[in-house]
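Reviewing the structure listed below.
The values are calculated or read from the model by the stated rules, or taken from the named source; none is laboratory data. On a predicted model such as this, the values are computed, not experimentally measured, just so you know. Backbone-built Cβ (ideal geometry, glycine too); neighbour counts: all protein chains shown.
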Amino acid sequence: MNAAATPVDLPRGEGRVHPLRVFGALLLRDVYVMRRQGVFFLIQTTMQPILFVTVFGFLLPRMGFVQRGYTSSLLPGILAVSLTLAAIQGVALPLVQDFAATREIEDRLLAPMPTWMVAAEKIVAGVLQGIFAALVVLPVGRLIMGPIPGLTLAHVGTVLAVAVLGSAAFSSLGLLLGTGIDPRQIGLMFSVIVTPMIFFGCTYYPWRGLDAVPVVKYLVLVNPLVYVAEGMRGALTPSMPHMPVPVVLAALAGLTVLFGWLGVRGFDRRAIG
């Protein structure tokens, strides 16, 4: 007669996966998907900035309609636009699909990690996409425009800080929009939110240039893109008028915390519902 089998207690923690390992695995998956869709991703996020570079940075200066020195103000703003589009689209659009049609988000919610970490992983993936888009547009824009007065890469650390914080702010905003907008209204995100943000984000003109219109100068401060564009100017073309870099970094850090908190709350609500 066989002895009855007795349950064996596993050592504490045996068979458990640390949430950070799951976080890393999900992030690697998103990076892999981004690499597989690299061409589509680049077309989606860099087409508009490159077209603006071609028209306003190459054609109009050579036609004499704008001064050639205009490129010193334009290139940092174009980098800000490319970073913004990549970060916000890279988070908002997939989330809208995941929560609506494909319900792919349910697989992630079953992962052994807190819900807020699933949302944070989306933000980190958006940061990587924003930085990557800016790194692509910078040399392409320089190549199209030709020599740019005052352009310097001496402040690489500041460029990286602005890129990281700017991508984090807009990825967090993408999380907020992706969990708060009805899938049927996603087109409104671009016409009502993104497009005005770009045109009033001091991307094609320096913030100091709005001294001539004081009301607009201070109204645009609610636009997070202003701080990314001005931060890029302060780092890449410091001879151009620009907002103080410490103010830029502080504003972007504050916006990242605000949008991140609101975005995670929205993500939790959608996940529970």
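Brief remarks follow.
- Residue within segment 162-181 that is surrounded by fewer than 12 Cβ atoms within 10 Å (Cβ to Cβ) and hydrophobic (A, V, I, L, M, F, W, C) present: no
- Matching residues in segment 233-248 - criterion: being touching a residue at least 24 places away in the same chain (Cβ under 8 Å) and part of a helix (DSSP H, G or I): 233, 234, 235, 236, 245, 248
- Being within 20 Å of the chain's Cα centre (by Cα) and of a type outside the set (Asp, Glu) is a property that holds for residue 43.
- Residues in segment 208-226 that are over 15 Å from residue 195 (Cα atoms) and in contact with a Phe, Trp or Tyr (Cβ under 9 Å, 6 or more places away or on another chain): 210, 216, 217, 219, 221.
- If you go through segment 180-204 and keep only what is part of a helix (DSSP H, G or I) and among the small types (Gly, Ala, Ser), you end up with 180, 187, 191.
- Applying the criterion of at least 2 residues that are under 24 Å from residue 191 (Cβ atoms) to the helices (runs of 4 or more DSSP H) found wholly in segment 31-128 leaves 38-52, 70-100.
- Odd one out for residue 117 among (1) without any contact (Cβ under 8 Å) to a residue 60 or more places away in the chain; (2) touching a Phe, Trp or Tyr at 6+ places or on another chain (Cβ under 9 Å): (1)
- Checked against (1) farther than 29 Å from residue 117 by Cα; (2) out of contact with any Leu (no Cβ under 8 Å at 6 or more places or on another chain), residue 223 meets all criteria but (1).
- Checking each residue in segment 187-209 for being surrounded by fewer than 17 Cβ atoms within 10 Å (Cβ to Cβ), of a type in the set (Gly, Ala, Ser) and over 11 Å from residue 73 (Cα atoms) picks out 187, 191.
- Residue within segment 205-212 that is assigned to a helix (DSSP H, G or I), under 30 Å from residue 147 (Cα atoms) and in contact with an Asp or Glu (Cβ under 7 Å, 6 or more places away or on another chain) present: yes
- Reported count of residues in segment 135-174, each being hydroxyl-bearing (Ser, Thr, Tyr), over 30 Å from residue 99 (Cα atoms) and either free of Cβ contacts under 8 Å to residues at least 12 places away in the same chain or in a helix (DSSP H, G or I) (or both), is 1.
- When residue 177 is tested against the conditions (1) in contact (Cβ under 8 Å) with a residue 60 or more places away in the chain; (2) assigned to a helix (DSSP H, G or I); (3) under 26 Å from residue 245 (Cβ atoms), the lone failure is (3).
- Residue within segment 249-264 that is surrounded by fewer than 14 Cβ atoms within 10 Å (Cβ to Cβ), within 24 Å of residue 106 (Cα to Cα), at pLDDT 90 or above and over 15 Å from the mean Cα position of the chain (by Cα) present: yes
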